[in-house]
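Chemist: Before I ask anything, here is the structure I am working with.
The values are calculated or read from the model by the stated rules, or taken from the named source; none is laboratory data. The structure displayed is predicted, hence computed values, not measured ones. Counting neighbours? That spans all protein chains shown, and the Cβs are built from the backbone with ideal geometry, glycine included. Surface accessibility is based on the protein's heavy atoms, side chains included, excluding ligands, DNA and RNA. Shrake-Rupley method; radii C 1.70, N 1.55, O 1.52, S 1.80 Å.
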Amino acid sequence: MSFSLKTKKLGKYMGFGFAAVSAIFLFNPDIAIIDVLPDFIGYLLLTLSLHWARDLSPHFENAWRKFRILSLMTFFKTLSLLWVFGGLKSAQERPTMMLLLSFCFCICELIWGIPAWRSLIEGFIIHSQLSGGEYPLIEKGAKSYRPGKNISIIFRDFTIFFMIAKAFLSNIAEFSVLSDHSYDDTAFDWYRFIGLYRIIAIFAGVLIGIIWLVRALSFFRGI
């Protein structure tokens, strides 16, 4: 491990392996509120991974609280599928409701998720500085990375980019439903190509997600 732990008990239950597994549930793109690998499992694993580490740093404590909120919020996002596909009286309302719910959940996820990841990475950096850890503070060369930035900062910045890109790609195709509600009869209905838009968004989301997944697994393995 890159930084020493104060007690054997804490070392045994540190649980950062949960954080690595959580990346598998978080990397995949969403289709509006449809998530093949539920994000709430990923955030729950991150919460479990910080259960003991949160006593080491206020940054870990802050990240733990926010990931706990995210796990609950994304759980309700998954439950909302039951209402959208089973509770709505009219199937014509489904696309609009999916857009509305997806947009709201994505905004909330960014509001809580970005500070959570920032706190988590800053916790690794600060604790490594205090305890003599090396891995979170390693600086990469200018050939592959911008000089003067350690791998923790690089991973943090890419994680924020990944979260924003994932939220954007999960919603952009769904906005085509608004053209179906235009009061202009001559307006073109872009929603008829929703399948194509979703395929393009999924392809881009998978590409970005795989890059983030590889970086996340490498980072947590080093930790």
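Chemist: Need the failing condition index for GLU109 against (1) closer than 22 Å to ILE194 by Cβ; (2) of a type in the set (Asp, Glu); (3) buried (at least 19 other Cβ atoms within 10 Å of the Cβ), just the number.
Modeler: Condition not satisfied by GLU109: (1).
Chemist: Take LEU70 and decide whether it is outside any loop (DSSP other than H, G, I, E, B), under 20 Å from PHE124 (Cβ atoms), out of contact with any Leu (no Cβ under 7 Å at 6 or more places or on another chain) and open to solvent by 70 Å² or more (accessible area, probe 1.4 Å). Let's see the steps before the verdict.
Modeler: Values: outside any loop (DSSP other than H, G, I, E, B): yes; under 20 Å from PHE124 (Cβ atoms): yes; out of contact with any Leu (no Cβ under 7 Å at 6 or more places or on another chain): yes; open to solvent by 70 Å² or more (accessible area, probe 1.4 Å): no.
Spelling it out, it is not the case that LEU70 is outside any loop (DSSP other than H, G, I, E, B), under 20 Å from PHE124 (Cβ atoms), out of contact with any Leu (no Cβ under 7 Å at 6 or more places or on another chain) and open to solvent by 70 Å² or more (accessible area, probe 1.4 Å).
Chemist: Now for a different question. Can you name the number of the only condition in (1) open to solvent by less than 50 Å² (accessible area, probe 1.4 Å); (2) in a helix (DSSP H, G or I); (3) within 24 Å of VAL206 (Cβ to Cβ) that ILE41 fails?
Modeler: Unmet for ILE41, out of (1) open to solvent by less than 50 Å² (accessible area, probe 1.4 Å); (2) in a helix (DSSP H, G or I); (3) within 24 Å of VAL206 (Cβ to Cβ): (1).
Chemist: Do we find that PHE67 is over 14 Å from CYS106 (Cα atoms), touching a residue at least 60 places away in the same chain (Cβ under 8 Å) and touching a Ser or Thr at 6+ places or on another chain (Cβ under 9 Å) in this structure?
Modeler: Numbers: over 14 Å from CYS106 (Cα atoms): yes; touching a residue at least 60 places away in the same chain (Cβ under 8 Å): no; touching a Ser or Thr at 6+ places or on another chain (Cβ under 9 Å): yes.
It is false that PHE67 is over 14 Å from CYS106 (Cα atoms), touching a residue at least 60 places away in the same chain (Cβ under 8 Å) and touching a Ser or Thr at 6+ places or on another chain (Cβ under 9 Å).
Chemist: Just to be sure, is SER170 in contact with a strand residue (DSSP E or B) (Cβ under 8 Å, 6 or more places away or on another chain), assigned to a helix (DSSP H, G or I), at pLDDT 75 or above and of a type in the set (S, T, N, Q)?
Modeler: Working: in contact with a strand residue (DSSP E or B) (Cβ under 8 Å, 6 or more places away or on another chain): yes; assigned to a helix (DSSP H, G or I): yes; at pLDDT 75 or above: yes; of a type in the set (S, T, N, Q): yes.
Against the criterion (in contact with a strand residue (DSSP E or B) (Cβ under 8 Å, 6 or more places away or on another chain), assigned to a helix (DSSP H, G or I), at pLDDT 75 or above and of a type in the set (S, T, N, Q)), SER170 qualifies.
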